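Colleague: Please find one structure pasted underneath; my questions will follow.
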There are 2 protein chains.
Amino acid sequence: MQNSIRIGIAGYGNLGRGVESAIQKNPDMQLVGIFTRRSPSSVSPCFAETQVYSMDALLNEFSDKIDVLILCGGSKDDLPQQAPIFASKFNTVDSFDTHARIPEYYAAVDAPALANKKTAMISIGWDPGMFSINRLFGEALLPDGETYTFWGKGLSQGHSDAIRRVPGVKAGVQYTIPSTDAIEQVRSGARPELSTKDKHHRDCYVVLEQGADAATVEQTIVSMPDYFADYNTTVNFISEETLLKDHEDMPHGGFVIRSGNTSDAQKQVIEFSLKLNSNPEFTASVLVAYARACYRLNQTQQYGAKTALDVAPALLSIKSPEQLREELL
Amino acid sequence: MQNSIRIGIAGYGNLGRGVESAIQKNPDMQLVGIFTRRSPSSVSPCFAETQVYSMDALLNEFSDKIDVLILCGGSKDDLPQQAPIFASKFNTVDSFDTHARIPEYYAAVDAPALANKKTAMISIGWDPGMFSINRLFGEALLPDGETYTFWGKGLSQGHSDAIRRVPGVKAGVQYTIPSTDAIEQVRSGARPELSTKDKHHRDCYVVLEQGADAATVEQTIVSMPDYFADYNTTVNFISEETLLKDHEDMPHGGFVIRSGNTSDAQKQVIEFSLKLNSNPEFTASVLVAYARACYRLNQTQQYGAKTALDVAPALLSIKSPEQLREELL
């Protein structure tokens, strides 16, 4: 048994907490500590033994004490700024998920990682990540076919924020729900043309301000351009107690379905799906598995930026290649 | 664009025919020919332009004319004998699927491939193959969990043969059906303990010999030890016309479900499934995608036996790494 892989966590929100928990479930890893921009004494980790340090200490004092640094900041502001710097000192894993900006992000992280013989795994998680792998499998295994991605049932932060800005709304959440009809059409092998709004509808749970008119609020929500107007949208009014009791989790998930033909007569369907009670905890668990792969890639001199598409499955497992062939193949 | 990858097919049954068709759907590949133990003139390929040669010519005349040889023989007799020989002269891909014998088969193919700087992809297909990858993903991404494999709806050759040996049976087929109840239990995150027979039932379609007694035949089938006695088995009597019309295809598929917890409170479920109208055509299509990976691994000096667990997804795709990051990630 090799020594443990020493992990650092940079940034401590929901995702960072998920990584802290996930490391407990992987006996070949040990957590060096959490690195935060807040005052370390103000942070309460999930486990009493977890060390908390200032982010400033990271670059100066920890570059030879951490095998893989997991970046748990946001894609909008944190990662584009942090990742190129950290990738010059550490092997890194992050969950950068702004799909359209991945090529430029890749380039920005690849150069410092290569120059310093580090390995930087970018855009790890489930979408991008596991869903990307399954979109690739679908195309490669059934070249004559169509790929469909459905999201949900999932809590959408952006749409929940939009609801909360409606006058008369005290609180609320929005779930994106994949259309059962559309999924069944795709599973049948029919290869329908479907837009995002054909594939999903939107369920809102709203707590009204005292005295607000339910019909007016509902009308404002369902007719909101971009967010709801083009979708089949349902508005449910609930009490504040119910909101707190039933809508605290951050569920998400979805489906990647490839429908294709291997010959004119023969249809084939490949489906991958996730049903996640906690989106951040699952994403964190994926990051930790890819930290193992990151460490191994670096050990074999595979430097620079890598994505989930570049990682052989065996590199994710704690088991030896012999065990994998015997037990899982 | 690189030159085409030159493919040879060794063995021409259902799987070999599937490979011949699949190559047509992959524009970066060209088929050198089919190699058969039968008299080449007795073989009718699916496409008029396909060349057919004697298996004897393969080792002597084609070792520098083929980039990847796809072995389409059976796992019981053909592959254990052929693969070590072919792997000393060619890069190979095969679908060896006797799970319990994979470690010894791996060793037998690895040595000659390594010694001759060839790459031998073994046990490619969907189980072993894509299902193995998903069993690995499940364990790695949710270490605290259980993995469930369900097979079907699928035609079982062994059970169909067993039916046809029953006195009074003229013809028949058997389908393995995964239990909907068991799948729903697993999807709920309950982590039940389930044996193979809890997870599947067996549907038989039988054509009686003239004058045979249906009740006796049914009783013989459902009480047959090993094959049916322990299972919930249904026997349907049909006409020979119906058998030919409705039961000619070779459907198969199944589900790999991982149910796990990322923390005490949070359940997560990962599911991969296949619904295949033609088992041999899909397996063939997988073999062809892995032939691309086999060629690329060999080009980068990665010699010896490899399994689906050793292949980074990107190696399967005709697209460049840049395209993959932009379009699929």
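The values are calculated or read from the model by the stated rules, or taken from the named source; none is laboratory data. Fair warning: this is a prediction, and the values are worked out from it, not measured in the lab. Positions of Cβ are generated from backbone atoms using ideal geometry, with glycine treated the same way; all protein chains shown enter the neighbour counts. What goes into the accessible areas is simple: the full protein's heavy atoms, side chains included, and nothing from ligands, DNA or RNA. Shrake-Rupley method; radii C 1.70, N 1.55, O 1.52, S 1.80 Å.
Colleague: Out of B:Ala57, B:Leu324, B:Met121, whose Cα points farthest toward the positive end of the dipole of chain B (charges: +1 Lys, Arg; -1 Asp, Glu; placed on Cβ)?
Modeller: Working it through, the farthest residue towards the positive pole turns out to be B:Ala57.
Colleague: Right, here's the next one. Hey, if you put +1 on the Cβ of every Lys and Arg and -1 on every Asp and Glu Cβ in chain B, which of B:Ala162, B:Phe35, B:Gly11 ends up farthest toward the positive end of that dipole?
Modeller: Projecting each Cα onto the dipole axis, the largest value belongs to B:Phe35.
Colleague: Using a 1.4 Å probe over the heavy atoms of the protein chains, calculate the carbon and sulfur portion of the accessible area of chain A as a whole percent.
Modeller: Accessible surface attributable to carbon and sulfur in chain A totals 46 percent.
Colleague: Give me the 1.4 Å probe accessible area per residue for the range B:74-118, excluding ligands and nucleic acids, in Å².
Modeller: Averaged over the residues of the range B:74-118, the accessible area is 46 Å².
Colleague: Using helices alone, what [θ] at 222 nm do you get for the protein assembly as shown, with -39,500 (n - 2.57) per DSSP H run of 4 or more residues, divided over all residues and rounded to the nearest 500?
Modeller: Helix-only estimate at 222 nm: -10500 deg cm²/dmol.
Colleague: About the Cα centre, and with charges only on the beta carbon of Lys, Arg (+1) and Asp, Glu (-1), how big is the dipole of the protein assembly as shown? Nearest 20 debye, please.
Modeller: In total the dipole reaches around 1380 debye.
Colleague: Rounded if a/c is under 1.5, else prolate if a/b beats b/c, else oblate: with a ≥ b ≥ c from the C-alpha gyration tensor eigenvalues square-rooted, which is the range B:140-198?
Modeller: Prolate, because a/c is 1.5 or more and a/b exceeds b/c.
Colleague: Report relative contact order for the range B:84-232 in percent, whole number only (criteria: Cα-Cα under 8 Å, sequence separation at least 6).
Modeller: 17 percent
Colleague: On to the next question. Quick one: the Cα spread of the range A:94-142 along its three principal axes, in angstroms, biggest first?
Modeller: 39, 20, 16
Colleague: In whole Å, what is the distance between the alpha-carbon centres of the range A:1-79 and the range B:223-290?
Modeller: With the range A:1-79 and the range B:223-290 each reduced to a Cα centre, they are spaced 43 Å.
Colleague: Could you order A:His252, B:His201, B:His99 by accessible surface area, starting with the largest, using a probe radius of 1.4 Å?
Modeller: B:His99, B:His201, A:His252
Colleague: When only Cα pairs under 8 Å and 6 or more residues apart are kept, what is the percent relative contact order across the range A:22-117?
Modeller: Contact order relative to length: 21 percent.
Colleague: Dividing the alpha-carbon radius of gyration of the range B:2-136 by 2.2 N^0.38 Å (N being the number of residues), what value is obtained?
Modeller: 1.02
Colleague: I'd like the interface area for chains A and B: accessible area of each alone minus the complex, both sides summed, 1.4 Å probe, protein heavy atoms only. What is it in Å² to the nearest 100?
Modeller: Buried area between the two chains comes out at roughly 5800 Å².
Colleague: Any idea of the accessible area per residue across the range A:159-302, 1.4 Å probe, to the nearest Å²?
Modeller: Accessible area per residue, the range A:159-302: 45 Å².
Colleague: Residues with amide H under 5 Å of A:Val207's amide H, sequence separation 5 or more or different chain, H placed in the peptide plane at 1.01 Å from N; which?
Modeller: Sorted by chain and number, the residues that satisfy this are A:Lys170, A:Ala171, A:Gly172, A:Ile238.
Colleague: Rounded to the nearest 20 Debye, what is the dipole magnitude of the range A:208-320 about its Cα centre when Lys and Arg each give +1 and Asp and Glu each give -1 at the C-beta?
Modeller: Roughly 1180 debye for the range A:208-320.
Colleague: GNM on chain B, C-alpha springs below 10 Å: top fluctuator among B:Leu58, B:Leu243, B:Leu315?
Modeller: B:Leu243
Colleague: If I build a Gaussian network model for chain A, linking alpha-carbon pairs within less than 10 angstrom, which residue out of A:Leu69, A:Leu194, A:Leu31 has the largest mean-square fluctuation?
Modeller: A:Leu194
Colleague: Among rounded, prolate and oblate, which fits the protein assembly as shown when a ≥ b ≥ c are the square roots of the eigenvalues of its C-alpha gyration tensor, a/c under 1.5 means rounded, and a/b larger than b/c means prolate?
Modeller: Judged from the Cα gyration tensor, the protein assembly as shown comes out oblate (a/c at least 1.5, b/c at or above a/b).
Colleague: Provide a whole-number value for the mean count of partner chain Cβ atoms within 10 Å of the Cβ atoms in peptide B:313-321.
Modeller: If you average over the peptide's residues, the count of other-chain Cβ atoms is 6.
Colleague: Right, something else. Just which residues of the range B:10-38 lose 50 Å² or more accessible area with every protein chain there, against their chain alone, with the probe set to 1.4 Å?
Modeller: Checking the loss per residue gives B:Lys25.
Colleague: Please report the accessible area of B:Met55 (heavy atoms, 1.4 Å probe, ligands and nucleic acids excluded) in Å², nearest 10.
Modeller: 30 Å²
Colleague: If you don't mind, there's one more thing I want to ask. Along the charge dipole of the range B:138-238, Cβ charges K/R +1 and D/E -1, which of B:Trp151, B:Phe228, B:Val206 sits furthest on the positive end?
Modeller: Positive-most Cα among the choices belongs to B:Val206.
Colleague: Another one. From the protein chains alone at 1.4 Å, what is the descending order of accessible area for A:Glu184, B:Glu20, largest first?
Modeller: Largest to smallest exposure gives the sequence A:Glu184, B:Glu20.
Colleague: For the range B:125-265, what does the alpha-carbon gyration tensor say about shape, rounded, prolate or oblate, given a ≥ b ≥ c as the root eigenvalues, a/c under 1.5 as rounded, and a/b over b/c as prolate?
Modeller: It is prolate, given that a/c is not under 1.5 and a/b is the larger ratio.
Colleague: Here is a further query. Just counting partner chain Cβ atoms within 10 Å, what average do the residues of peptide B:273-280 show around their Cβ?
Modeller: What the average comes to for B:273-280 is 6.
Colleague: Hey, another quick one. Would you be so kind as to list the residues of the range B:98-142 that have their accessible area lowered by at least 50 Å² in the full protein complex compared with their chain by itself (1.4 Å probe)?
Modeller: Hits at the 50 Å² cut-off: B:Leu136, B:Phe137, B:Glu139, B:Ala140, B:Leu141.
Colleague: What is the distance in Å between the Cα centres of the range B:300-329 and the range A:123-169?
Modeller: Rounded to whole Å, the Cα centres lie 23 Å apart.
Colleague: Give, rounded to the nearest 20 debye, the magnitude of the charge dipole that chain B has about its Cα centre when Lys and Arg contribute +1 at Cβ and Asp and Glu contribute -1 at Cβ.
Modeller: Magnitude of the dipole: close to 740 debye.
Colleague: Normalised by the number of residues in chain A, what is the relative contact order in percent for Cα pairs under 8 Å and 6+ residues apart?
Modeller: Answer for chain A is 21 percent.
Colleague: Let me ask something else. Report, ordered by chain and residue number, the lysines lying within cross-link reach of A:Lys118, taken as a straight Cα distance under 17 Å and ignoring same-chain residues fewer than 8 apart.
Modeller: A:Lys65, A:Lys89, A:Lys306
Colleague: Turning to a different aspect of this structure: To the nearest 0.05, how large is the calculated FRET efficiency for B:Asp230 and B:Ala100 if R₀ is 25 Å and r is the Cβ-Cβ distance?
Modeller: The formula returns an efficiency of 0.75 here.
Colleague: Please compute the net charge surrounding A:Gly154, taking Lys and Arg as +1 and Asp and Glu as -1 over other residues with Cβ under 12 Å from its Cβ.
Modeller: Spelling it out: positives minus negatives among the neighbours equals 0.
Colleague: Hey, another quick one. Under 24 Å Cα-Cα from A:Lys275, which lysines qualify once same-chain neighbours fewer than 8 residues away are excluded?
Modeller: A:Lys25, A:Lys153, A:Lys197, A:Lys199, A:Lys245, B:Lys153, B:Lys199, B:Lys267, B:Lys275
Colleague: Along the range B:108-123, what does the Karplus equation 6.51 cos²θ - 1.76 cosθ + 1.60 (θ = phi - 60°) give for ³J(HN,Hα), rounded to whole Hz, x for Gly and Pro?
Modeller: 5, 8, 4, 4, x, 5, 4, 5, 10, 6, 10, 10, 10, 8, 10, 6
Colleague: Heads up, I need the accessible area for A:Glu104: 1.4 angstrom probe, whole protein in place, Å², nearest 10.
Modeller: 110 Å²
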